[in-house]
Each structure stands twice: as C-alpha cells, then as structure tokens.
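Here's the structure we're looking at; comments come further down.
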Amino acid sequence: MPLHQQASITIGVPNVEETCRYYAEFGLTRRGATFSTTDGGEQLRIVESPTRRLIELCVGVDHPDDVVRVSDQLSGLGVAIEGDPSRVTALEVHSGARVVVRVLPRLTQQPVATEPTNGPGSTHRRNGRAPGILRRGPVRPRKLGHVVIATPDAEASRRFFVDGVGFKVSDEVRGLASFIRCSTDHHNLLLQPAPVPFLHHTSWQVDDVDEVGRGAMTMLEGHPERHVWGLGRHFIGSNFFWYLRDPAGNFSEYYSDMDSITDDQLWSPGMWEPSLRALYSWGPDVPPSMLDPDDLADLMASSHHR
Ligand SMILES: [Fe+2]
C-alpha cells in the first residue's frame with residue numbers, strides 16, 4: 001500500500017494550555033504544544049481555534065511517485081492542491097481539515113513480548129501473578145491510531161479521502177460512518193455526518209487491555225468528569241477501548257488489539273446496518289454524548305457566527 005501511515009495531526013481548541021496539560025497527563029511526551037508517542041515520534045500538535053476541530057492530518061507515502069498520483073487524483077476531483085515533489089497539501093472543505101501527503105519512512109514497531117496467560121486446559125502462567133497487575137509505571141501510548149471527525153457532507157468528504165487521497169474502506173455503517181485506512185490498521189480515519197464539523201476523538205495505541213484500563217483509571221483519579229465510555233470492545237475494528245474527555249470537549253481513546261489488514265484480498269469490507277452492535281461488542285451502555293456531543297448546540301451556534 002503506497003499510503004503507509006497516519007503520521008501526525010494538528011488539532012485546534014479554544015483552550016490550548018489546559019488541553020496541552022491534559023495530553024501530557026494522558027501519557028504523550030510534551031515539547032511546547034507538540035506531543036510525541038514512544039514509537040510514532042511527534043504526532044500531535046495543539047493550536048488555537050475558536051471551536052474544537054481537526055486542523056491538519058499528515059499521511060506518509062513511500063515515494064515521490066505516490067505524491068504525484070495523489071495530486072492527480074485530487075486534481076481529478078477538482079480539488080485545489082499545493083505542493084512540491086515531496087509533498088502535496090489540500091483542504092477538505094466540508095470538514096475543514098487540511099491534508100498533507102508526504103514522503104516519510106515507514107513506522108516500524110518492535111513487538112511487545114506476549115505475557116503468559118491461563119485459559120481452560122492451557123496454563124501458560126504457573127505459580128505466579130499476572131504481570132499485568134504488577135505494572136506500576138505511567139502508560140505511554142505507542143502511536144496515534146485513528147481520528148474521527150464529523151462533517152456536514154460525509155459523502156463528499158469520503159470521496160475526497162478515498163478517491164482523492166487513496167484511503168481504503170475497511171467497513172461502513174449505512175448512513176452513519178465510513179471506517180477508512182491509510183495503513184494496515186483497520187481504520188485511521190472515521191467520517192461521520194453532523195450538522196457542523198468537529199473533532200469527535202483521537203485514538204492512541206497502548207500495549208494491551210491492561211494498559212487501556214490502567215491508563216484510563218489514572219486519568220480518572222480526581223477527575224471523574226473525564227469519563228465517557230469504557231471499558232469495552234468494539235465490534236468494528238475489534239479493539240478494546242476506553243474514551244475520556246479532554247478539556248476542550250474532544251474525546252481521547254486508549255485502544256489495543258485492533259484488527260490489522262495486511263492483505264486487501266483477504267479482508268471483506270462490511271456494510272453494517274446502524275445498530276448498537278455496530279458500535280460495540282460488549283461494554284457499558286453507549287452514553288448519549290458518543291452519538292451527539294454535549295456541546296453540539298454551542299458548536300452549531302459558533303459556526304453560524306463565523
Ligand atoms: Fe475510536
């Protein structure tokens with residue numbers, strides 16, 4: 001796949017410093033308003049914006065030929081582009097997100113050693129406690145996994161990202177969501193329709209379900225208002241999840257064990273009917289704010305004033 005990585009994002013929020021402090025606590029390494037993961041390097045920038053939204057998304061490709069192809073595809077859709085042989089930039093007008101496609105080295109991650117587990121008839125861990133309960137250090141996300149954005153014209157946004165940039169469709173929920181990828185992750189971007197554009201959530205990979213739980217529990221200490229939804233397991237993408245709310249109202253997700261699509265021929269994209277099952281396999285009831293954010297009325301009012 002010539003697109004190989006969702007390299008980085010820039011998000012806009014009205015309250016930059018407060019939001020920066022949150023993401024440092026979340027486990028990202030802070031340098032000013034730029035944040036790094038342990039495997040993916042600098043992957044998040046936070047800038048000021050009147051409403052919370054995705055400002056920029058950077059996608060890595062292997063070769064300048066890939067940049068040319070993406071440029072041609074975007075131009076074919078009538079999208080204005082800027083660039084040079086190593087990168088192309090275009091604005092997706094409906095979501096308001098700028099997309100940068102540039103030549104970047106591939107991200108390689110060292111495998112994390114699998115810890116022995118016990119099951120019926122298979123006792124791989126004998127005479128010892130599970131290592132997952134003995135961990136004490138802070139949870140450090142490995143990489144940026146995906147971004148979910150709301151767009152007033154989901155069809156047009158989907159055309160831009162799929163036919164223009166070259167994302168592949170992994171699964172869809174009819175009329176509600178397109179799960180699309182620019183790497184072997186099941187999804188790197190999810191587009192959902194809404195009256196106004198906003199950033200729904202960003203998602204960050206951790207080692208396993210214990211890290212999902214440990215990370216979220218640490219964030220909730222003294223801050224119960226941060227809790228949104230978790231612990232659970234998604235049906236589409238299969239990942240364990242726990243969603244928290246940042247001070248700007250964006251959700252941030254710890255995830256582990258997401259489906260990986262390494263051979264397009266072996267994956268059958270699904271078209272799922274809207275239902276709770278499409279949202280999750282198990283977990284607590286879906287909070288209303290997952291479907292319609294609490295600040296939707298404010299977001300709509302400020303979009304009218306612009
Ligand atoms: Fe997610």
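Readers should treat all values here as calculations from the given coordinates under stated rules, not as data from a laboratory. This structure is a prediction, so every number in the text was calculated from the model and none was measured. Every residue, glycine as well, gets a Cβ built from its backbone with ideal geometry; the counts of neighbours run over all protein chains shown.
Listing for the model above:
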quantity: DSSP-defined beta bridges in the range 1-121 - what % are antiparallel, rounded to 5; calculated: 70 percent
quantity: Crossing angle, helix 64-76 versus the chain [Cα axis fit, 0-90 degrees, rounded to tens]; calculated: 60 degrees
quantity: Residue-count net charge about Leu144 - beta-carbon cut-off 14 Å; Lys, Arg +1, Asp, Glu -1; calculated: 0
quantity: When the convex hull of its Cα atoms is projected in every direction, mean area for the chain (nm²); calculated: 17.0 nm²
quantity: Under Karplus coefficients 6.51, -1.76 and 1.60, residue-wise ³J(HN,Hα) of the range 218-235 in Hz, glycine/proline x; calculated: 5, 5, 7, 4, x, 9, x, 5, 6, 5, 10, 6, x, 6, x, 10, 6, 7
quantity: Long-range HN-HN contacts of Ile261 with modeled amide H, under 5 Å; calculated: Asp185, His186
quantity: Karplus 3J(HN,Hα) series, Hz, for the range 262-271 with 6.51 cos²θ - 1.76 cosθ + 1.60 (x for Gly, Pro); calculated: 9, 9, 4, 5, 9, 10, 9, x, x, 10
quantity: Antiparallel DSSP beta bridges within the chain, percent to nearest 5; calculated: 70 percent
quantity: Antiparallel DSSP beta bridges within the range 182-306, percent to nearest 5; calculated: 70 percent
quantity: Long-range amide H partners of Gln43 with built H, under 5 Å; calculated: Phe35, Ser36, Thr37
quantity: The range 93-110 - phi-based ³J(HN,Hα) in whole Hz, Karplus 6.51/-1.76/1.60, Gly and Pro as x; calculated: 5, 6, 7, x, 8, 8, 10, 10, 10, 9, 6, 9, x, 5, 7, 10, 10, 6
quantity: Cut-off under 5 Å, modelled amide H: who pairs with Val103 long-range; calculated: Val61
